[in-house]
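Enquirer: The structure under discussion is supplied below as structure tokens; questions concerning it will follow.
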Amino acid sequence: MSLGNYLIEYLDSGNYVGMDISAQALIKGKELVERRIGREKLEEKQPTLIQNEDLTFSEVGGQVFDYVWAFSVFDHLPFKYFEEFISNIGNVTDHDSRIFLIVMLKEKNSVAGGIPYLYSFSFYNPRCEYDYNCLRKLLVLNDYKMEMIDTRKHWGNLLRNLVLLELSRR
Ligand SMILES: C[S@@+](CC[C@H](N)C(=O)[O-])C[C@H]1O[C@@H](n2cnc3c(N)ncnc32)[C@H](O)[C@@H]1O
């Protein structure tokens, strides 16, 4: 929602679907957007907020999205969730859809991919760092190509190897 907060202004009414596995995150996200653009404007946009159970997209089955954003989701989740996402995202996208997401890549030559002192931060989880070659292999296997749009070594004053990817069908 922190991204939806800014994107929603560019969307046609009824054309935004937000998903999160946590009901609380959906409530907080809605509050955040309401505070920024106002309740009335948010209602005009008629967003659909869905609590998903897994990453099969069964809750939004039958719809095809032009844009999919997983903003700051997979940099917090182990690789198996990303595998689940890639196996199923074709259910709600087509050849022209554009998919954007952020991942955290393993850094070669560093201690377990990061800097030891970072382990004290709860949101930094070395299990969520993806191996670049595994990532590429998975995408090729599923017929996706990727483009690195941006990289970010720093998050505030923390070091993280964050990458913004755009995925599209080969
Ligand atoms: C750092 S937050 C980012 C939230 C939101 N995308 C944003 O930009 O504000 C990560 C979110 O991923 C959600 N999440 C974790 N596992 C998930 C899953 N399997 N499916 C959907 N959402 C998930 C968490 O509940 C949490 O709200």
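Every read-out reported here was derived from the displayed coordinates using simple, explicitly stated rules and does not represent laboratory data. Every value quoted in this text rests on a predicted model; they were computed, and no experiment measured them. Positions of Cβ are backbone-derived with ideal geometry, glycine not excepted, and every protein chain shown enters the neighbour counts.
Enquirer: Assuming 0.36 nm per residue, please report the length gained on full extension of the stretch Ser13 to Lys137 beyond their Cα-Cα distance.
Expert: Answer, rounded to one decimal: 40.9 nm.
Enquirer: Under 18 Å Cα to Cα from Lys45, which aspartates and glutamates show up? Leave out anything in the same chain fewer than 8 places away.
Expert: Leaving aside aspartates and glutamates fewer than 8 places away in the same chain, those within reach of Lys45 are Glu9, Asp12, Glu31, Glu34, Asp66.
Enquirer: For Lys153, go through the lysines and keep the ones whose alpha-carbon is under 27 Å away, minus same-chain ones fewer than eight residues off.
Expert: Lys80, Lys106, Lys108, Lys137, Lys145
Enquirer: Can you tally the net charge around Glu34? Count Lys and Arg as +1, Asp and Glu as -1, for every other residue whose Cβ sits under 15 Å from the Cβ of Glu34.
Expert: The answer is +2.
Enquirer: Then there's this: Quick query: amide H of Trp69 versus all other amide H atoms, modeled in the peptide plane; which residues come in under 5 Å with a sequence gap of 5 or more or a different chain?
Expert: Phe100
Enquirer: Name the GluC sites (Glu not before Pro) in segment 1-103 that are in a loop by DSSP and that have at most 14 other C-beta atoms within 10 Å, would you?
Expert: Glu53
Enquirer: Name the long-range amide H neighbours of Gly18: under 5 Å, sequence gap of 5 or more, or other chain; modelled H, no Pro or chain starts.
Expert: It is Thr48, Leu49, Ile50, by chain and number.
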